[in-house]
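Report on one structure; see the data block that follows.
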Amino acid sequence: MRSNSCGDLRKEHISTAVTLCGWIDRCRDHGGVIFIDLRDSSGTIQITVDPDQGKEMFSIAESLRNESVLQIKGVVRARPLEAVNSKLKTGEIEVLASELNVLNPVRGNLPFTVSIHDEESIREEVRLKYRYLDLRRERMSKNLRTRHKTIRTVRNFLEEEGFIEIETPILTKSTPEGARDYLVPSRVCEGQWFALPQSPQIFKQLLMVGGIEKYYQIARCFRDEDLRADRQPEFTQLDIEMSFMNQEQILDLNERLIATIWKNIKGVELPRPFPRITWEQAMHRFGTDRPDTRYGMELHDINDIARSIKFKVFSNAVLSGGSVKCINVKGGNQSISNVRIKPGGDIFSEAQKVGAGGLAFIRVRESNEIDTIGAIKENLNEDQKNELLQRTDAEPGDLILFGAGETSTVNKTLDRIRQFLAKELGLISKENNDKNWNFLWVVDFPMFEFNSDENRLEALHHPFCAPNEEDLGHNPEIWSKQLPKSRAQAYDLVLNGLELGGGSLRIHNSDLQKAVLKTVGISENEAIKQFGFLIEALDMGAPPHGGLAFGLDRIMMLLMGEESIREAIAFPKTQQARCLMTQAPSETSTLQLEELSIKMDLKTPE
């Protein structure tokens with residue numbers, strides 16, 4: 001149907017007869033000559049329709065609408081010098097049409113202008129409802145091609161390292177200790193259910209038992225959880241697992257993979273090795289295990305000062321087992337008013353969103369005098385004041401913000417305020433250079449965290465992470481005592497405050513696996529019922545192994561400079577987990593439900 005693609009023609013094609021196909025990007029009538037910008041996936045070229053080449057063809061061209069699909073036959077010629085368009089790769093040439101065929105006209109009104117020349121703002125709901133039109137736009141077309149190039153880079157790198165790609169099941173078994181599953185009823189096994197995989201975790205471990213040694217997969221994963229800008233109910237994961245490699249080797253391999261991606265896609269040479277901090281250091285300095293290290297404003301623990309002063313908000317927090325921490329906003333006196341920090345202000349509201357009752361603050365004036373609203377100033381003696389200013393590196397003009405209370409709430413509060421103010425004060429550079437890609441490994445996570453709602457320990461990552469041998473010891477009789485306070489041989493890769501992926505060395509000893517499951521409240525009988533096939537496999541020559549999984553959609557969002565992973569996915573869901581284009585999820589027929597032995601009993605909402 002076509003001899004060339006629109007965006008591939010150049011000056012060397014002048015005088016060549018060509019056949020082109022594409023969409024009308026826009027159409028212009030200039031005094032009896034019609035110019036059509038014809039667009040396909042390779043680019044855009046100008047088509048000139050002259051009445052001297054045929055009145056019938058010219059008449060058809062006069063009635064054309066944008067986004068109609070055409071086939072054009074003609075000859076490539078040079079544009080006049082004054083008409084050269086330097087913004088287009090094809091801007092020095094045009095095609096003089098000799099024949100025009102309308103392959104499919106646009107019959108209705110377009111919901112929005114697709115033309116790449118039009119930068120109008122379109123509501124996301126409309127873009128998602130007519131996603132097939134949105135994909136024609138330059139932004140989305142470029143994003144999907146970047147995604148393709150990235151995945152190709154990943155495959156080439158891993159296969160050169162000896163990895164092989166293997167697909168794991170989509171219909172699998174529901175297991176505890178994860179997010180909420182998407183369930184699929186089985187018709188042939190009446191009353192029983194499959195679950196869509198949240199990750200290929202167990203299957204990739206079984207592949208290691210199977211002697212594969214180096215596996216990867218571009219895996220589809222599903223989690224029925226609350227959504228946000230960087231989450232989707234179905235998402236793509238780059239899943240990697242390997243045998244006979246220690247943590248250092250695994251981190252080195254994945255650093256080289258990430259560096260290769262950034263080099264091929266962004267042209268950026270990332271400095272290696274990436275910095276590392278422990279989970280404990282991350283929580284102490286930043287209040288989060290995924291810190292953004294592009295700017296300062298780190299947290300300072302002042303429990304020792306707070307414990308001894310008479311300001312009860314501070315002293316009571318420490319005495320009840322909590323914390324008092326603060327951040328120093330350099331130059332904050334000028335840019336942040338009291339109104340913003342007090343109830344009703346935007347900074348106060350940010351603190352409230354994570355459960356804080358409010359924020360105390362101190363303004364540092366000239367000669368290191370301090371000014372505040374409330375009783376902090378009156379209850380700080382000179383030594384305590386000087387220690388506070390020295391510890392926070394405070395200078396005249398700075399603003400110190402305090403959080404006091406339960407340690408987890410204080411960390412969440414100051415982490416949120418820190419991120420909010422970094423954007424507000426312009427502390428984050430918009431340039432995508434090697435100095436603005438702050439990669440960071442967070443290592444030595446705790447094995448478990450306490451779930452106060454269920455009054456039990458639960459795995460911080462998942463219950464298949466291997467504990468640190470130094471913490472655990474080699475005597476199985478004390479494992480139950482040592483496990484709750486052990487560190488995991490786990491690691492997360494963080495970029496600019498976002499977790500790109502994480503992994504761990506895995507448990508390859510069946511007794512240790514059962515002990516870990518018991519620690520999170522899964523009895524031996526329940527462990528055999530849920531994970532019996534894995535435990536049995538570990539007794540049949542399971543090698544030491546470990547791996548990592550990256551959120552591919554999130555990586556793509558960052559590479560593309562987008563704010564949402566929906567811009568990195570061809571057909572995404574909304575934040576309500578709906579597809580506006582196909583209207584999924586939807587109701588189904590009574591017959592289908594009867595075949596699956598399902599009875600609906602939904603209460604009508606009031």
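The values are calculated or read from the model by the stated rules, or taken from the named source; none is laboratory data. Since the structure is predicted, the reported quantities are computational estimates derived from the model, not experimental observations. With ideal geometry, Cβ positions are generated from the backbone for all residues, glycine too; neighbour counts draw on all protein chains shown. For accessibility, only protein heavy atoms count, side chains too; no ligands or nucleic acids. Shrake-Rupley method; radii C 1.70, N 1.55, O 1.52, S 1.80 Å.
Exactly one residue out of 322, 345, 358 is of a type outside the set (Asp, Glu) and farther than 26 Å from residue 387 by Cβ, and it is 345. Taking the numbered list (1) within 22 Å of the chain's Cα centre (by Cα); (2) under 30 Å from residue 576 (Cβ atoms) in turn, residue 155 passes all entries but (2). Evaluate the following for residue 56: is it modelled with pLDDT under 95 and either out of contact with any helix residue (DSSP H, G or I) (no Cβ under 8 Å at 6 or more places or on another chain) or open to solvent by 30 Å² or more (accessible area, probe 1.4 Å) (or both)? Yes: the conditions hold for residue 56.
Looking only at residues in the range 273-295 that are of a type in the set (Ser, Thr, Tyr) and part of a loop (DSSP other than H, G, I, E, B), the one that is most open to solvent (accessible area, probe 1.4 Å) is 293.
If I go through the range 247-272 residue by residue, how many of them are over 21 Å from residue 468 (Cβ atoms), of a type in the set (Asp, Glu) and open to solvent by 20 Å² or more (accessible area, probe 1.4 Å)? Residues meeting the conditions: 1.
So, in the range 449-466, of the ones that are open to solvent by 20 Å² or more (accessible area, probe 1.4 Å) and touching a Leu at 6+ places or on another chain (Cβ under 8 Å), which residue ends up nearest to residue 542 (Cα to Cα)?
First pass over the range 449-466, keeping only residues open to solvent by 20 Å² or more (accessible area, probe 1.4 Å): 449-458, 460-462.
Keeping just the survivors that are touching a Leu at 6+ places or on another chain (Cβ under 8 Å) gives 449-451.
Values: 449: 28, 450: 30, 451: 31 Å.
Among those that are open to solvent by 20 Å² or more (accessible area, probe 1.4 Å) and touching a Leu at 6+ places or on another chain (Cβ under 8 Å), it is 449.
When residue 1 is tested against (1) closer than 24 Å to residue 145 by Cβ; (2) among the hydrophobic types (A, V, I, L, M, F, W, C); (3) open to solvent by less than 70 Å² (accessible area, probe 1.4 Å), just one condition goes unmet, and that condition is (3). If you take the residues of the range 226-246 that are under 20 Å from the mean Cα position of the chain (by Cα) and acidic (Asp, Glu), which of them is surrounded by the most Cβ atoms within 10 Å (Cβ to Cβ)? That would be 239. Listed conditions (1) among the acidic types (Asp, Glu); (2) surrounded by 15 or more Cβ atoms within 10 Å (Cβ to Cβ); (3) in a helix (DSSP H, G or I) are all met by residue 159, apart from (2). Scanning the range 174-221 for residues that are touching a Leu at 6+ places or on another chain (Cβ under 8 Å), closer than 24 Å to residue 519 by Cβ and either open to solvent by 50 Å² or more (accessible area, probe 1.4 Å) or not in a strand (DSSP E or B) (or both) returns 174, 181, 202, 205, 206, 209.
Would you call residue 238 in a strand (DSSP E or B) and in contact (Cβ under 8 Å) with a residue 12 or more places away in the chain?
In short, yes.
Can you find, within the range 147-156, the residue that is surrounded by the most Cβ atoms within 10 Å (Cβ to Cβ) among those that are under 15 Å from residue 217 (Cβ atoms) and in contact with a helix residue (DSSP H, G or I) (Cβ under 8 Å, 6 or more places away or on another chain)? In this case the residue turns out to be 154. Filtering 415, 383, 393 for residues that are assigned to a helix (DSSP H, G or I) and open to solvent by 70 Å² or more (accessible area, probe 1.4 Å) leaves a single hit, 383.
Considering 436, 411, 451, the condition of being free of Cβ contacts under 8 Å to residues at least 24 places away in the same chain and not hydrophobic (A, V, I, L, M, F, W, C) is satisfied by 451 alone.
Filtered by the rule that a residue be part of a loop (DSSP other than H, G, I, E, B) and open to solvent by less than 70 Å² (accessible area, probe 1.4 Å), the range 362-380 gives 372, 374, 375, 376, 380.
Take the residues in the range 584-604 that are part of a loop (DSSP other than H, G, I, E, B) and under 11 Å from residue 187 (Cβ atoms); name whichever of them is most open to solvent (accessible area, probe 1.4 Å). Step through it out loud before you land on a result.
Pass one, the range 584-604, residues part of a loop (DSSP other than H, G, I, E, B): 585-589, 596-604.
Those still in the list that are under 11 Å from residue 187 (Cβ atoms) too: 596-598.
On the way: 596: 46, 597: 65, 598: 45 Å².
Among residues in the range 584-604 that are part of a loop (DSSP other than H, G, I, E, B) and under 11 Å from residue 187 (Cβ atoms), the one most open to solvent (accessible area, probe 1.4 Å) is 597.
Set side by side, the residues 128, 144, 135 differ, and just one is open to solvent by less than 90 Å² (accessible area, probe 1.4 Å), among the aliphatic types (A, V, I, L, M) and touching a helix residue (DSSP H, G or I) at 6+ places or on another chain (Cβ under 7 Å), which is 135.
Among the residues of the range 324-358, which ones are among the β-branched types (Val, Ile, Thr), without any contact (Cβ under 8 Å) to a residue 40 or more places away in the chain and open to solvent by less than 30 Å² (accessible area, probe 1.4 Å)?
If we filter the range 324-358 for residues that are among the β-branched types (Val, Ile, Thr), which is where we start, we get 324, 327, 329, 336, 339, 341, 347, 354.
Narrowing the set further to residues that are without any contact (Cβ under 8 Å) to a residue 40 or more places away in the chain leaves 339.
Correct list: empty.
Can you tell me which residue within the range 308-323, out of those that are part of a helix (DSSP H, G or I) and over 21 Å from residue 411 (Cβ atoms), is most open to solvent (accessible area, probe 1.4 Å)? Restricting to residues being part of a helix (DSSP H, G or I) and over 21 Å from residue 411 (Cβ atoms), the top hit is 312.
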